[in-house]
Amino acid sequence: ASVGARGLVSSIEVLGHNAIGTVIALQTTTHNRYCFAICNLPEAEQSGEHAVTIDGVTWRWEGAFSRLQRA
């Protein structure tokens, strides 16, 4: 058993979603922010390139999920 173990994630925010994908942002206790995209399409369609536009920002990735560079 670990003693005093604490996770580094302070918050998870869903930035937006649609039929193509979901984009989330993870904020850490060390003030880092990481964005991820998750494909919402059927499994047979997840291997290609995807793009989701949320609040005027277009997020692009390839595959079922990806860490996004734009945060």
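Computed from the coordinates by the stated procedures, all read-outs in this text should not be read as laboratory data. Keep in mind that this is a model prediction, so the values were computed, not measured. Note: ideal-geometry Cβ built from the backbone for every residue, glycine included; neighbour counts use all protein chains shown.
Excluding GLU49 itself, what net charge comes from residues whose Cβ is under 13 Å from its Cβ, given Lys and Arg +1 and Asp and Glu -1?
Numbers: positive: ARG60; negative: GLU45, GLU62.
Every neighbour counted, the sum reads -1.
Taking trypsin sites (Lys or Arg not before Pro) across the chain, the ones in a DSSP loop with at most 14 further Cβ atoms lying within 10 angstrom of their Cβ are ARG6, ARG70.
Cβ crowding within 10 Å ranks SER47, SER66, SER2 as SER2, SER47, SER66, fewest other Cβ atoms first.
For the chain, rounded, prolate or oblate, judged on the Cα gyration tensor with a ≥ b ≥ c (square roots of eigenvalues), a/c < 1.5 rounded, else prolate if a/b > b/c?
prolate
Positive end of the dipole of the chain (Cβ unit charges, origin at the Cα centre): among ILE20, THR30, VAL52, the Cα lying farthest that way belongs to THR30.
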